[in-house]
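See below for the structure under consideration.
The numbers here are math on the coordinates, done by the rules we state, and not lab data. No experiment lies behind these values; they were computed from the predicted model shown. Don't worry about glycine lacking a Cβ; one is built from the backbone with ideal geometry, like all the others, and counts go over all protein chains shown.
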Amino acid sequence: MSEKCPISKVSPRAGANSGVGYATTQVLVTHPNHHTIMGCRDVEKGQKALSEVQSTDPKGTVSLLQLDVEDDASITKAVDSVTQQFNRIDVLVSNAGTAAPGTSGRTQLNQIFSINVFGAMLVSEAFIPLLLKSDRPYLIQVSSGLGSMTQATDPQSPYYAAPWDEYRMSKAALNMMTVQMHKRLQSRGVRVFAFCPGLVRSNLRGEGEAAVSAQGRAGDPLESGRGVLGIVLGERDDEAGRFINKDSQLAW
């Protein structure tokens, strides 16, 4: 592998085998000189997704990594594996996320925060040493406009009346984590972003068609994947440390 080949890692749940993670992988591998590592909790599903991506004759290369953001041993093993194979990563796309469909109460809160906040933070912290070995490192936290305090308190905003209180709380926490990581890492050259993919098809809400499509309102996740690619290619460097979508900046 060329030393100039950007190594991107897409992490799971909703994982690199579906939704935003899978679409981001599809987009990244269309660009030459990229190697994308698909982080997937379920190896069988991950292998199926990997085979599908490879069947498209990608310009870049792609591989699979088992990673469960709720399992510390899995995180450690994943970091060790990437260290041994590549000794660095150039981009970490942290898209771990769930709305914990079918649960309620403390169980729902525990699952949402375990994955969306604790898992995202622990995985990011674990991979930061490998990011720091890159000449142009990027750390991209996949967030949501539902986590914006500004949008949540503006009666004119389309996000104002949206439900999903627990999920919104978790994304607000993720946004604060992004701000703190940016302040800590910017002097070391790491460009940190909170990225909102928008309402796109995803297993985040459940696996039935109505949930995946958000009752037909969800868009194409490839659009969000292209937004991530724009960050990776340096097109949004002047917005590092900000909350953005594929088109513009968002209010925290």
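Quick notes on this structure:
- Couplings 3J(HN,Hα) for the stretch 232-244, derived from phi with the Karplus relation 6.51 cos²θ - 1.76 cosθ + 1.60 (θ = phi - 60°), are 4, 7, x, 6, 10, 4, 6, 10, 4, x, 10, 9, 9 Hz, where x marks Gly and Pro.
- For residue 64, the amide hydrogen comes within under 5 Å of the amide hydrogens of 38, counting only partners 5 or more places away or on other chains and with H modelled in the peptide plane.
- When each of 77/246; 133/183; 77/133; 45/246 is checked by Cα-Cα distance, pairs over 24 Å: 77/246; 45/246
- The simple spin-label model puts a point 7 Å past each Cα toward its Cβ; for residue 162 and residue 103 those points are separated by 2.0 nm.
- Those residues of the stretch 18-46 whose amide nitrogen sits under 12 Å from the label point placed on residue 59, 7 Å along Cα→Cβ: 27-34
- Cα gyration tensor, the stretch 108-187 - rounded (a/c under 1.5), prolate or oblate: oblate
- Kirkwood hydrodynamic radius of the chain, Cα pairs, Å: 17.9 Å
- Here is how the number arises for the chain: DSSP H runs of 4 or more residues each give -39500 (n - 2.57), the sum is divided by the residue count, and the result at 222 nm is -11500 deg cm²/dmol.
- Estimated FRET transfer efficiency when R0 is 22 angstrom, pair residue 71-residue 44 (beta carbons, to 0.05): 0.85
- Karplus-derived 3J(HN,Hα), 6.51/-1.76/1.60, for each residue of the stretch 123-138, Hz, glycine and proline x: 5, 4, 4, 5, 8, 4, x, 6, 4, 5, 8, 8, 6, 9, x, 10
- Local electrostatic count, residue 241, Cβ distance below 12 Å [Lys/Arg +1, Asp/Glu -1]: +2
- Semi-axes of the equivalent ellipsoid for the stretch 60-172, computed as √(5λ) from the eigenvalues of its C-alpha gyration tensor and ordered from largest down, come to 31, 18, 10 Å.
- The chain - share of DSSP beta bridges that are antiparallel (%, nearest 5): 5 percent
- Straight-distance crosslink candidates among aspartates and glutamates, where the alpha carbon sits under 19 Å from residue 48 and sequence neighbours closer than 8 are dropped: 57, 68, 207
- Net charge of Cβ neighbours under 11 Å - reference residue 192; Lys, Arg +1; Asp, Glu -1: +4
- Distance between modelled label sites at residue 223 and residue 237, nm, 7 Å Cα→Cβ extension: 2.8 nm
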